[in-house]
Amino acid sequence: MNKKGSLVNVGLGMTLGAHITPISRSYIEKADVVFVGASNNLVEQWVETMNDNVISLQQFYKEGTSRMITYKKMVEIIMQEVRKGKKVCGAFYGHPGVFAWPPHQSIKQAQSEGFKAHMEPGISAEDCLYADLAIDPGTYGCIHYEATQFLYKNKKLDTTSYVVLWEVGVVGDKSLTKFSVESDDKQMLVEALLKYYQEDQEVILYECALLAIEKPRMERVRLHELAMKNITLKTTVVIPPA
């Protein structure tokens, strides 16, 4: 028999206020406590208009501290409220199940302890990417890798398909402590890609719009220029079929 407390992790979508589903909004409004996982203060303030008891998870991020330690703290604070018998909602930027360890782990933990727990999807950066760049993944196929895994896990590329590299803004960081990318790490990524592509291969630097008044970044450069370009935590690298 399930215990009284419950957990649902929902997606807020990418563009502020525009991408949330009605069911996710309902869970936020009806929760006893809402934990927000978003790097933008505007997103947190918007969630606060839907519920009076909102707690930011950003407080756990610290430069030099492994993100895995941070993520475990997030899971524990969420579970503390679930164990008190509360209806808990985790509201996460984009899709709560895409490049997000705490939502998956907190649901797994809650279910293992006998609580009701599930996930509601949201619009992710991948969904926005397909729309903004006019890509149908069914046309040529689409390969997705986390950038550091591509570097160190001996991943293979199919250059006849689209290749999407995520979290390029921390590529090469095996310590999980950095929040920016070094020039040497960007160049290491370029050299790894040059094993598959020519120097003049087109590469797209993509960042979806976070506000309705913004335009997505869709900067097209050549592969040999990649290491010189501004890459942030939001940047995704898309390589069209060669």
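No value in this document is a laboratory result; all are computed from the given coordinates. Quick caveat: nothing in here was measured; it's all calculated off a predicted structure. All Cβ positions, even for glycine, are placed from backbone atoms using ideal geometry, and neighbour counts span all protein chains on display.
Taking 25 Å as R0, compute the FRET efficiency from the Cβ-Cβ separation of ALA18 and LYS84 and round it to 0.05.
Computed FRET efficiency for ALA18 and LYS84: 0.15.
Considering amide H positions built from the backbone, and no H for Pro or chain starts, which residues 5 or more places from GLY94, or on another chain, come under 5 Å of its amide H?
LEU12, GLY13, MET14
From the residues VAL82, THR15, GLN59, which one has its Cα farthest along the dipole of the range 6-119 in the positive direction, the dipole being from +1 and -1 charges on Cβ of Lys/Arg and Asp/Glu about the Cα centre?
So the residue furthest toward the plus end is VAL82.
Quick one: which of 146-154, 215-223 comes out on top by average Cβ neighbours within 10 Å, and what's the full order, highest first?
Averaged packing, sorted descending, gives the order 146-154, 215-223.
Using a 7 Å offset from the Cα along the Cα-to-Cβ direction at both LYS215 and GLU199, what is the distance between the two label points in nm, to one decimal?
Roughly 3.1 nm, to one decimal.
So what's the gap between the Cα centers of the range 103-130 and the range 30-65, to the nearest angstrom?
Using only Cα atoms, the two centres lie 16 Å from each other.
So how much slack lies between LYS174 and GLU113, counting 0.36 nm per residue of separation and subtracting their Cα-Cα distance, in nm?
Taking LYS174 through GLU113 to full extension adds about 18.8 nm, to one decimal.
Report the Cys residues of the chain lacking a disulfide-compatible partner, meaning no second Cys Cβ under 4.7 Å from their Cβ.
CYS89, CYS142, each lacking another Cys Cβ under 4.7 Å.
If the chain between ASP52 and GLU225 were fully stretched, how many nm would it gain, using 0.36 nm times the residue separation less the Cα-Cα distance?
57.5 nm
I'd like the FRET efficiency for LYS30 and ILE69, computed as 1/(1 + (r/R0)^6) with the beta carbon distance as r and R0 of 35 Å, rounded to 0.05.
The computed FRET efficiency comes out at 0.65.
For a quick check, take a GNM of the chain with Cα springs below 10 Å and name the residue from LEU210, LEU165, LEU194 with the largest mean-square fluctuation.
LEU194
Holding the Cα-Cα limit at 25 Å, pick out from LYS3/LYS62; LYS73/LYS116; LYS73/LYS186 the pairs that are longer than that.
LYS3/LYS62; LYS73/LYS186
How would you classify the range 1-104 from its alpha-carbon gyration tensor, with a ≥ b ≥ c the square roots of the eigenvalues: rounded for a/c under 1.5, else prolate if a/b is greater than b/c, otherwise oblate?
oblate
By how many nm would the segment from TYR140 to ASP158 lengthen if fully extended, with 0.36 nm per residue of separation less the alpha-carbon distance?
5.5 nm
Relative contact order for the range 6-119: what is it in percent, counting Cα pairs under 8 Å that are at least 6 residues apart?
41 percent
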